Amino acid sequence: MKGTFCMNSNPHIPYGWPAWALLVIFLVAPSCAHETRSWERQEIRSWEKNIFSGERAYQEHRYKEAEERFKAALEEAENFEEQDPRVATSLNNLAVLYSAQGKYAEAEPLQTRALMIRKKVLEPSHPDIAQGLNNLALIHHHRGQYSEAEVLYQEALAIWEKTLGTNHQRVALCLSNLGGVYYSQGHYAKAEPLYQRVLAIQKKSLGPEDLRVATTLNNLAKLNEALGRNTKVALLLQESLQIQEKTLGPEHPVVATNLMKLGDIYRRQSQYDKSLASFERSLVIREKVLGPEHPDVGESLTALALLHQEQGKYAEAELAYERALTIQEKTLGSEHLDVASSLTNLAFVYQAHGKYTDARERHHQALAIKEKMLGSEHPNLIPTLNHLSSVYQEQAVAIAEKVEKQKNLAKTNKLKNKDFLPKNIQLSPNSENLDSQGQGV
């Protein structure tokens, strides 16, 4: 579970991970002589305009335009003093943009430089330093550098707790991010109390029906799932779902996503009726809101197919898998690795009810995709080859059993037929006389 970037205006953090935000700082122009003040004001106005425009483009997911604006703002800020906080702001915003696009290698040096500037011009306990620490920690977190991320999160947390208090939303945000690092490392015992503390802060300060509460409930559910506490997981997801339905409406895509999680937990608990109801409702929402050929519809169909397959309902499973496969081929392309996974799932269903030729064909298609996308020596080809081998072996056993059955049937029929063959007539000693007498005139 990844964390969240933060900004000064205490934004509403939407459901889901990650939710990126920008740190935007507005500064007063420095005092100087009248002749230069007009020029500086113009520079500041231009810088602020680029920052504002970049943030708006970022929030609307127009990343190319946002990058142009933030780069322009940074170029202008470089003309200010070397340690000007506006340089740090420009660096930070560009780093957050790159992070939102998964460009962590480009983001890290920008965020590191921004933090260095802030540490030089601000007090060690200034909240902006905590923000910079949090944002840099997130980059390390996403790159799998958990030790570095943990240290930075802890530094940010200490500053925010000292300056804002232990029940502030920034503290909750950092606790959640730190919990995410522990979760990623499998340190569930460390993560759980942090998430519990986040939940308590959010319910008290935001109210029990805020979407951020639902997000934390989902994080706790994922944690409990990792610990095998499926009953607890179901309760947490149900509470989260109630919040989402009330806040977003019963047909929101987020509701459909949570229904998928809940349905999967019910399936693992063998509560098949509840699982079926959750998956089917998720499918209906996604078909209505996203359209019948959206990839998420394919995901719901795959979940339904797996549920049917576990119950031995192979005809229903086959139909759902085939429709999911059609959607994936259309939206992702016929050579996508997800298509290969769906072909494998469909092959399992065919194999389960004796359609060995169809099963072999699907496994061969999956193998061809993997070979093309991953290379002929990639280790991910091994499971597919093993699956294909199992089909041949199972079919060979089935054929041998069928041959043996036919032999036994033929043997049985032969014995039965022997009992019904006409027997040779045995003539008595006087039969010739009888015959002769019978032939008299």
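The values are calculated or read from the model by the stated rules, or taken from the named source; none is laboratory data. Worth saying up front: this structure is predicted, and the values here are computed from it rather than measured. Backbone-built Cβ (ideal geometry, glycine too); neighbour counts: all protein chains shown.
For the condition farther than 28 Å from T384 by Cα and either part of a helix (DSSP H, G or I) or in contact (Cβ under 8 Å) with a residue 40 or more places away in the chain (or both), what is the one hit in V297, V284, V339?
Every option except V284 fails the conditions.
I'm trying to understand the selection: among the residues of segment 262-283, which are more than 20 Å from the chain's Cα centre (by Cα) and not polar (S, T, N, Q)?
Y272, D273, K274, L276, A277
Restricting to segment 354-365, give me the number of residues that are farther than 20 Å from L337 by Cα and surrounded by 14 or more Cβ atoms within 10 Å (Cβ to Cβ).
Qualifying residue count for the region: 2.
V403 - would you say it is β-branched (V, I, T) and closer than 25 Å to F348 by Cβ?
No; evaluated as a whole, the condition is false for this residue.
Has segment 98-119 got any residue that is of a type in the set (G, A, S) and more than 23 Å from R62 (Cα to Cα)?
Yes, some residue in segment 98-119 is of a type in the set (G, A, S) and more than 23 Å from R62 (Cα to Cα).
List the number of the failed condition for P295; all other conditions in (1) under 29 Å from V171 (Cβ atoms); (2) modelled with pLDDT under 95 hold.
Answer for P295: the failing condition is (1).
Could you look through segment 242-254, keep only residues that are in a helix (DSSP H, G or I), touching a residue at least 24 places away in the same chain (Cβ under 8 Å) and more than 18 Å from the chain's Cα centre (by Cα), and pick out the one that is farthest from K288 (Cα to Cα)?
Looking at the filtered set, the residue picked out is I243.
Would segment 300-323 turn up any residue that is part of a helix (DSSP H, G or I), farther than 28 Å from L385 by Cβ and not hydrophobic (A, V, I, L, M, F, W, C)?
Yes.
Go through segment 133-151 and give me each residue that's surrounded by fewer than 24 Cβ atoms within 10 Å (Cβ to Cβ) and farther than 14 Å from A107 by Cα.
Within segment 133-151, G144, Q145, Y146, S147, E148, E150, V151 qualify.
Taking K261, is it free of Cβ contacts under 8 Å to residues at least 12 places away in the same chain and in a helix (DSSP H, G or I)?
Considered against the rule, which asks whether it is free of Cβ contacts under 8 Å to residues at least 12 places away in the same chain and in a helix (DSSP H, G or I), K261 comes out as no.
Name the single residue that is modelled with the highest pLDDT among those in segment 70-107 being more than 29 Å from Q145 (Cβ to Cβ) and surrounded by 14 or more Cβ atoms within 10 Å (Cβ to Cβ).
Of everything passing the filter in segment 70-107, A72 is modelled with the highest pLDDT.
Tell me the residue from A320, A368, A396 that is crowded, with 17+ Cβ neighbours inside 10 Å and either without any contact (Cβ under 8 Å) to a residue 24 or more places away in the chain or over 24 Å from A303 (Cα atoms) (or both), please.
Within the list A320, A368, A396, the selection yields A320.
Identify the single condition in (1) under 26 Å from the mean Cα position of the chain (by Cα); (2) closer than 27 Å to V254 by Cβ; (3) part of a helix (DSSP H, G or I) that A200 does not satisfy, given that it satisfies every other one.
Unmet for A200, out of (1) under 26 Å from the mean Cα position of the chain (by Cα); (2) closer than 27 Å to V254 by Cβ; (3) part of a helix (DSSP H, G or I): (1).
State all residues of segment 136-156 that are in a helix (DSSP H, G or I), touching a residue at least 24 places away in the same chain (Cβ under 8 Å) and either farther than 13 Å from Q185 by Cβ or among the aromatic types (F, W, Y) (or both); if no residue qualifies, say none.
L136, A137, L138, I139, H142, Y146, Y153, Q154, E155, A156, listed by residue number.
If S125 satisfies all but one of (1) surrounded by 15 or more Cβ atoms within 10 Å (Cβ to Cβ); (2) closer than 21 Å to Q169 by Cβ, what's the number of the condition it fails?
Failing condition for S125: (1).
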